[in-house]
Structure formats: C-alpha cells, structure tokens
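What follows is a short report on a single structure.
The values are calculated or read from the model by the stated rules, or taken from the named source; none is laboratory data. All figures in this text were calculated on a predicted structure; none of them were measured in a lab. With ideal geometry, Cβ positions are generated from the backbone for all residues, glycine too; neighbour counts draw on all protein chains shown. Areas reflect the complete protein model, heavy atoms only, side chains present, ligands, DNA and RNA absent. Shrake-Rupley method; radii C 1.70, N 1.55, O 1.52, S 1.80 Å.
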Amino acid sequence: MGTWSRDELESAFQHYQELAAEAGRTGNWKVWADQFTEDATYVEHHYGTFTGRAAISEWITSCMSEYPGSAMPEFPIDWYVIDEERGWIVCQVWNRMEDPGDGSTHQAYNFTLLKYAGDGLWAYEEDVYNPMRFGAMVAGWEAAKQAASRPG
C-alpha cells in the first residue's frame, strides 16, 4: 500500500488541472508553480531541468508569456493513470492553441509524469513530447489564423 490514498492523489491531480486552467486563462503561472515543493524537479526535454519552486515559476512564467506559449491557454487531460504504490500520475496533456478565428482546434500532446509529495504538492514533473509535432501544429495554427483574418 502506498503512502497516500487514491482519493488524495485524485484530489491533488484535479487541483493540478484546475490551476493549469486558471493559469492558462489569466496568465498567472506563479499560482500554478506554487503547487510544487520548494525543492521540486521539473524536467522539460526542450528547455531543460529546473530545480526548486522558484526556478520552475520563473521558467514557466517566462515560457508561457512568450509566443507560442502565450497563445496556448488550454491544457485538457485526455487520460491518466494513478500508481497508488508510488504516488505517481502519468497522463496525456493536450497543449491547445487559442481559436485562430475559424473555430478549428490546433493542439499537440505530451506525456507528463507527476510525483506526489503530499499536502497537495508535487515533487517532480517530467514532460515528454515530440518538438517536431509541436512545430507542425503551431505552423498549422498560424496558417489557419492568417486565412481567417483575410477579408471575405
């Protein structure tokens, strides 16, 4: 049996998703970063490894305030698995661009591993994805946005 109950893990993961939705809507990524422990590790395969809540907050705030992050307000979870023994959650996250003006959806996914630390905090996150797929998605979104902005 693990350290935390399934209910606690589910609740913490639900809160994680709520904070991501709030941060995407408001641009306040500090609140999202505050759910990590002071000594947490965040592995982002394109940007690097960040150690500590402050470093995670600084990176995510900067990354998501610049294009294309600034045009990516939604992060719906497609599926997730809870490993109660380890206190880990593995999920598929859609990184969804804002509507380009024609109602189409442009998104790419990553797999995320979260390691729970208790008290609603995460000790570790790792995001794994294909940057080429993200690049192609953003290019498709840009083309759709340009086409939608052309006069009639």
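Side notes on the structure shown:
- Unmet criterion (only one of (1) in contact with a Ser or Thr (Cβ under 9 Å, 6 or more places away or on another chain); (2) surrounded by fewer than 15 Cβ atoms within 10 Å (Cβ to Cβ); (3) at positive phi) for THR49: (3)
- Residue satisfying all of: in the range 55-84; among the small types (Gly, Ala, Ser) and surrounded by 14 or more Cβ atoms within 10 Å (Cβ to Cβ); nearest to ASP119 (Cα to Cα) among these: SER57
- The criterion of at least 3 residues that are more than 30 Å from MET132 (Cβ to Cβ), touching a residue at least 12 places away in the same chain (Cβ under 8 Å) and over 13 Å from the mean Cα position of the chain (by Cα) is met by the following helices (runs of 4 or more DSSP H) wholly inside the range 1-88: 6-26.
- Among the conditions (1) free of Cβ contacts under 8 Å to residues at least 24 places away in the same chain; (2) touching an Asp or Glu at 6+ places or on another chain (Cβ under 6 Å), the only one that ARG96 does not satisfy is (1).
- ASP127 being under 25 Å from ASP7 (Cα atoms), surrounded by 15 or more Cβ atoms within 10 Å (Cβ to Cβ) and either within 15 Å of the chain's Cα centre (by Cα) or of a type outside the set (Phe, Trp, Tyr) (or both): yes
- Those residues of the range 23-36 which are farther than 16 Å from ASN95 by Cβ, surrounded by fewer than 18 Cβ atoms within 10 Å (Cβ to Cβ) and in contact with a helix residue (DSSP H, G or I) (Cβ under 9 Å, 6 or more places away or on another chain), in sequence order: ASN28, LYS30, VAL31, ASP34
- Flag for GLY87 being in contact with a Ser or Thr (Cβ under 8 Å, 6 or more places away or on another chain) and under 25 Å from VAL138 (Cα atoms): no
- Of residues in the range 89-124 being of a type in the set (Gly, Ala, Ser) and assigned to a strand (DSSP E or B), the one surrounded by the most Cβ atoms within 10 Å (Cβ to Cβ): ALA108
- Residue within the range 138-146 that is in contact with a strand residue (DSSP E or B) (Cβ under 9 Å, 6 or more places away or on another chain), open to solvent by 50 Å² or more (accessible area, probe 1.4 Å) and of a type in the set (Lys, Arg) present: no
- Scan the range 30-53 for residues that are among the aromatic types (Phe, Trp, Tyr) and touching a Leu at 6+ places or on another chain (Cβ under 9 Å) and the total you get is 2.
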